[in-house]
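The next block holds one structure in the form of structure tokens; read it before the comments.
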Amino acid sequence: MNPLVDPVGVVHYLVVGAVLFTAGIVCMAVKRNALGVLMGIELVLNGANVNFVAFGSPVLRADAGPLAIDGPVIALFVIVLAAAEAAVALAITLNFYNNHSTVDVDRADELKG
Amino acid sequence: MMPSTLLGPASLLGPTSLLGFVAGGGTACGFAMVPLAAVNWHGLFFLAFAVVACVMAVAVVLADNVVRMAFYLVLSLGATAGLFFLAGAEFVGAMQLMIYVGGTLVLLVFGVMLTAQAPFVSIKTATGDRVLAGIVAASLLAVLLQAAFSVHAWREPGRFPGDTGGVVEPMSTPLGMALVGVRVDDPSPGLAQENGGGNGDGSGGAAAGGRSGYLLPFEIVSVHLLVVLVGAAYLARAKRRRSSRELSEAAR
């Protein structure tokens, strides 16, 4: 389990992915700045990406098989979709900022009943 | 199925041993005893990138200043790209650097700069919310770590890069072929017969249906990206039209 002596395995990457995912979830939940929420989403997607790459890596596991292609391809899709999501979310945030002169998500409660 | 009382200590033992190395075990058994030629550089670089990625991700959560959050996020995503390189997925790592760090985060930084008025640079969160989020984060992290450590196959150590003959197969050509619908690692039955047996594990016929290429998802993602960018441009343009109308109303 010691990365200096033993080869790095899948579980090391899973730990990194879990930390990134948890940090992203907390960031999405806690931040009141809309851009902070966006950064939390980026962290969550990256944590998932770390897991995809780890499960498909032929270096980390000897029996990766067809996952050696599947994992990186899915990771690429996640990166592209994250770029698309960031573009739309940023446009919405800037629109909100122009209409309300704030980026505090707690102030975005006009649709409340 | 093991009872959770057995799984609990095992899941706690893993990260402790991982972190215990950082705390002090590494200086005793790592640097002093291991000669320079026997140092596992792969593991050393993995450790460096992993620590940077995790610490900077936590710093994003703990920071209040949105500009500093953006900077920490750049460091975290860059270190994640380094992890991808170490895992042998060099194409994904390059795309992470080019699209994520070079594109998406520049977009985010532009958003930060456009909205960085003095009252919004650091919006404090209530202390109660912070405590609640800490509890939720601890439980979520415990669940994820327990799931990661509960499968025995994932705990097996990987291979030293030297064990694979020193060469790691370049990944970009099979990835590009998969994106246009051809799986070079798992030829279809017809292709396997042409090649005289293919990969020879005999599982090609049954599994080939589920292992097709990614042409259709690639096209869908392309069209999705086009639609999303048109939509983002529309949102940005609607804002400008509205402001010009307001200007004309104000001039009246």
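Each value in this text was obtained by applying a stated rule to the coordinates, not by laboratory testing. Everything numeric in this text was worked out from a predicted model, so none of it was measured. Backbone-built Cβ (ideal geometry, glycine too); neighbour counts: all protein chains shown.
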Ranked highest first by the average count of other Cβ atoms within 10 Å around their residues, in what order do A:7-13, B:136-142, B:106-112 fall? A:7-13, B:106-112, B:136-142
Note the full-extension length gain between B:VAL143 and B:ASN65 as 0.36 nm times their separation in residues minus their Cα-Cα distance, in nm to one decimal. 25.1 nm
Pop the C-beta distance of B:GLU219 and B:ILE135 into the FRET formula with R0 = 51 Å and round what comes out to the nearest 0.05. 0.70
Please list, in order along the stretch A:19-36, the HN-Hα scalar couplings obtained from phi with the Karplus expression 6.51 cos²θ - 1.76 cosθ + 1.60 (θ = phi - 60°), rounded to whole Hz, x for Gly and Pro. 5, 4, 4, 5, 4, x, 4, 5, 4, 5, 7, 8, 5, 9, 6, 4, 5, x
Report, as an integer, the average count of C-beta atoms from other chains found within 10 Å of each Cβ along A:43-55. 5
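With a/c under 1.5 counting as rounded, go ahead and sort the stretch B:54-112 into rounded, prolate or oblate using the C-alpha gyration tensor (a ≥ b ≥ c being the square roots of the eigenvalues; past the cut-off, prolate if a/b is larger than b/c, else oblate).
Working: a/c = 4.72, a/b = 1.53, b/c = 3.08.
Because a/c hits 1.5 or more and a/b fails to exceed b/c, the stretch B:54-112 counts as oblate.
Would you mind giving the mean number of other chain beta-carbons within 10 Å of the Cβ of each residue in B:148-155, as a whole number?
Taking the mean over all residues of the peptide, I get 5.
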Could you put B:MET177, A:MET39 in order, starting from the residue whose Cβ has the fewest other Cβ atoms within 10 Å? B:MET177, A:MET39
Could you give me the ³J(HN,Hα) list for the stretch A:59-68, computed from phi with Karplus coefficients 6.51, -1.76, 1.60 and θ = phi - 60°, whole Hz, x at Gly and Pro? 7, 7, 9, 6, 10, 5, x, x, 5, 4
For the pair A:ALA62 and B:TRP41, the simple spin-label estimate (label points 7 Å beyond Cα toward Cβ) gives in nm 2.5 nm
Pull out the extension gain between B:ARG237 and B:VAL182, defined as 0.36 nm times the separation in residues minus the alpha carbon to alpha carbon distance; nm, one decimal. 15.8 nm
Using the Cα gyration tensor of the stretch A:1-46, with a ≥ b ≥ c the square roots of its eigenvalues, what is the shape: rounded (a/c below 1.5), prolate (a/b larger than b/c) or oblate (neither)? prolate
Would you mind putting B:218-230, A:56-68 in packing order, based on average other-beta-carbon counts within 10 Å, highest first? A:56-68, B:218-230
According to the square roots a ≥ b ≥ c of the eigenvalues of the Cα gyration tensor, what is the shape class of the stretch A:10-106, taking rounded for a/c under 1.5, prolate for a/b larger than b/c otherwise, and oblate for the remainder? oblate
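For peptide B:39-52, how many partner chain Cβ atoms fall within 10 Å of a residue's Cβ, on average? Display every interim value, and only then the final one.
Working: counts 2, 7, 1, 5, 9, 3, 2, 8, 5, 0, 1, 9, 1, 0.
Mean shielding by partner chains, rounded to a whole number: 4.
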How large is ³J(HN,Hα) for each residue in the stretch B:49-54, as worked out from phi by the Karplus curve 6.51 cos²θ - 1.76 cosθ + 1.60 (θ = phi - 60°), to whole Hz, x for Gly and Pro? 5, 5, 5, 4, 4, 5
